[in-house]
Amino acid sequence: MMRIKRTNNLPRALYIHIPFCLNICSYCSFCHLLYDENRAIAYIDRLIEELKQLKIGELHTIYIGGGTPSSLPIFIIEKLFKEIDKIHLDDDYEFSIEANVESLDEEKLKFYLKHRINRLSIGVESFDANILKDMRRNHDAKMVEDVIKLAKSLGFNNINCDLIYGYPHETTNILKNDLNCLVALDVNHISCYGLTVEDRSILHAKKIKPQDDDMLRDEYDIIYKFLNEHGYKRYETSNFAKPTYESKHNLTYWHDEQYYGIGLSAASYIDGLRLVNTSNFDRYLHSENIIEEKEYLTEEDHLFYEFMLRLRLDEGLSLDNIFNEVNFETKNKYLRIVNKYLDRNLLTLKDNRLKTTYEGSLLLDSILIELL
Ligand code: SF4
């Protein structure tokens, strides 16, 4: 199998993982650790070491995710920002940080602005008091409103809010109220995630079941229609934005472009090589070798990723030249499957651009399984 060609271009996106959280949410199975000052200090030192080893040119996007990056007090994260300050960002850059409502205040927001952060991604998840309590989130609807108003008044004009739908006991009225509240806050970007109960989550341990697929589907239809009517265009299955506010960093992933990732369990994609760091905290801090997975992508892998990632986007995938580097058999297999789903109206093809229909976007996984 042929490996994908080297580009010699440096990645223009950087992801930085902060694994600490102030508490553990009921549905979460991500790589997270309860915040502890000494561990956080040691972790930031290790992150800085890792950052210094990268060959970084001009970046277009930086994304600090987690965990809860905003759980770190300024005196701990300041050191990392001093290093990031040295990185050159292009004129059109996007620099995001994930935050929880209760860990943001005026001092922290001003600090982020001073260090060039121009996009906040806030874990709102719901406005319903009972559901928030069940999720083990430590905010309420009023706190969301206050923090978004504060952030805007200080100069943040690019804010994403995450919403979870399909939580046990959620009704369509609760969902509609959540959507109304979000739209009233006039944020530019909304990410909506259907609840899944993952193995390592508290919900799973308590044997709690998610809503059934029909209910999730009905809720997604409500979200899609409501957000469209209020000026938020869906550009990716779970992501809705006002014009020009699509997440530049996440588009890097969906466009299958290169990126650096540093920190616990962070992934990088550089010149056809996919690397994943260890998710073991002690190994990350103390070992010379922190790479847990290393995979060279072949042209066939690359073709599959292009389909998998780009078909999630409403802009779809250009078929021009896409089969140039794969053999006749692979090309035929893809075209046969594409034609099958064109006939079933789950895909459309216009000007050589392949897109999912609305129905197809919700059934994309089953299309992709056939391409594997
Ligand atoms: S959902 Fe976010 S804030 Fe909650 S435990 Fe997981 S990473 Fe932390």
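Tally time: how many residues in the stretch 138-160 are touching a strand residue (DSSP E or B) at 6+ places or on another chain (Cβ under 6 Å) and either of a type in the set (S, T, N, Q) or within 16 Å of the ligand (Cβ to nearest atom) (or both)?
Of the residues in the stretch 138-160, 3 are touching a strand residue (DSSP E or B) at 6+ places or on another chain (Cβ under 6 Å) and either of a type in the set (S, T, N, Q) or within 16 Å of the ligand (Cβ to nearest atom) (or both).
Could you give me the residue pairs with C-beta distances under 7 Å whose first residue belongs to the stretch 92-119 and is away from the ligand (no atom under 16 Å from the Cβ), whose second residue is in a strand (DSSP E or B) and among the aromatic types (F, W, Y) wherever it lies, and which are 6+ apart or on separate chains?
R116/F95; I117/F95; N118/F95; R119/F95
Write out, first by first residue and then by second, each pair whose Cβ atoms fall under 6 Å of each other, whose residues are 6+ apart or on separate chains, and whose first residue, in the stretch 64-89, is in the same structural domain as R137 (by TED's automatic domain parsing) while the second is in a helix (DSSP H, G or I) and within 16 Å of the ligand (Cβ to nearest atom).
S70/S103; S71/S103; L72/A40; I76/A40
Can you tell me which residue in the stretch 27-57 is farthest from the ligand (Cβ to nearest atom), limited to those that are under 17 Å from I77 (Cα atoms) and of a type in the set (F, W, Y)?
The qualifying residue farthest from the ligand (Cβ to nearest atom) is Y43.
With (1) of a type in the set (V, I, T); (2) more than 13 Å from the ligand (Cβ to nearest atom); (3) surrounded by fewer than 18 Cβ atoms within 10 Å (Cβ to Cβ) as the list, and I24 as the residue in question, which single condition is left unmet?
(2)
Residues in the stretch 314-335 that are over 21 Å from Y235 (Cα atoms) and touching a helix residue (DSSP H, G or I) at 6+ places or on another chain (Cβ under 7 Å): how many?
Pass one, the stretch 314-335, residues over 21 Å from Y235 (Cα atoms): 320-335.
Keeping just the survivors that are touching a helix residue (DSSP H, G or I) at 6+ places or on another chain (Cβ under 7 Å) gives 322-323, 325-326, 330, 334.
Of the residues in the stretch 314-335, 6 are over 21 Å from Y235 (Cα atoms) and touching a helix residue (DSSP H, G or I) at 6+ places or on another chain (Cβ under 7 Å).
Restricting to the stretch 285-305, count the residues that are under 30 Å from F20 (Cβ atoms), outside any loop (DSSP other than H, G, I, E, B) and in contact with an Asp or Glu (Cβ under 9 Å, 6 or more places away or on another chain).
Residues in the stretch 285-305 being under 30 Å from F20 (Cβ atoms), outside any loop (DSSP other than H, G, I, E, B) and in contact with an Asp or Glu (Cβ under 9 Å, 6 or more places away or on another chain): 2 in total.
Filter the stretch 138-167 down to the residues that are in a loop (DSSP other than H, G, I, E, B) and either farther than 15 Å from L216 by Cα or more than 23 Å from the chain's Cα centre (by Cα) (or both) and list them by number.
Selection gives N138, H139, D140, G155, F156, N157, N158.
Checking the condition surrounded by fewer than 18 Cβ atoms within 10 Å (Cβ to Cβ), over 16 Å from V101 (Cα atoms) and not charged (D, E, K, R), which residue from L203, L216 passes?
Numbers: L203 fails: surrounded by fewer than 18 Cβ atoms within 10 Å (Cβ to Cβ).
That would be L216, the only listed residue that is surrounded by fewer than 18 Cβ atoms within 10 Å (Cβ to Cβ), over 16 Å from V101 (Cα atoms) and not charged (D, E, K, R).
Keeping to the stretch 286-299, report how many residues are surrounded by fewer than 17 Cβ atoms within 10 Å (Cβ to Cβ) and in contact (Cβ under 8 Å) with a residue 60 or more places away in the chain. Full working, then the answer.
Start the filter on the stretch 286-299 by keeping residues that are surrounded by fewer than 17 Cβ atoms within 10 Å (Cβ to Cβ), which leaves 286-289, 291-296, 298.
After this cut, where a residue has to be in contact (Cβ under 8 Å) with a residue 60 or more places away in the chain as well, the list is 296, 298.
Final tally of qualifying residues: 2.
When the residues of the stretch 120-137 are narrowed to those that are within 23 Å of the chain's Cα centre (by Cα) and small (G, A, S), which ends up surrounded by the fewest Cβ atoms within 10 Å (Cβ to Cβ)?
S121
Kindly state which helices (runs of 4 or more DSSP H) lie completely within the stretch 181-269 and contain at least 2 residues that are aliphatic (A, V, I, L, M).
Working: elements: 202-205, 213-229, 248-254.
By residue number, 202-205, 213-229.
Of everything in the stretch 58-83 that's surrounded by fewer than 20 Cβ atoms within 10 Å (Cβ to Cβ) and hydrophobic (A, V, I, L, M, F, W, C), which residue is nearest to the ligand (Cβ to nearest atom)?
I76
Could you list, in sequence order, all residues of the stretch 214-237 that are among the hydroxyl-bearing types (S, T, Y) and more than 23 Å from K355 (Cβ to Cβ)?
Taking the stretch 214-237 as the starting set, the residues that turn out to be among the hydroxyl-bearing types (S, T, Y) are 220, 224, 232, 235, 237.
Matches in the stretch 214-237: none.
Any residue that is out of contact with any Phe, Trp or Tyr (no Cβ under 7 Å at 6 or more places or on another chain) and farther than 30 Å from K110 by Cβ - is there at least one of those in the stretch 155-165?
Scanning the stretch 155-165 turns up at least one residue that is out of contact with any Phe, Trp or Tyr (no Cβ under 7 Å at 6 or more places or on another chain) and farther than 30 Å from K110 by Cβ.
Select, from F281, F304, the only residue that is under 22 Å from E49 (Cβ atoms) and surrounded by 15 or more Cβ atoms within 10 Å (Cβ to Cβ). Full working, then the answer.
Numbers: F304 fails: under 22 Å from E49 (Cβ atoms).
Result of the check over F281, F304: F281.
The values are calculated or read from the model by the stated rules, or taken from the named source; none is laboratory data. Here the structure is a predicted model, which is why all the values come from computation and not from measurement. Note: ideal-geometry Cβ built from the backbone for every residue, glycine included; neighbour counts use all protein chains shown.
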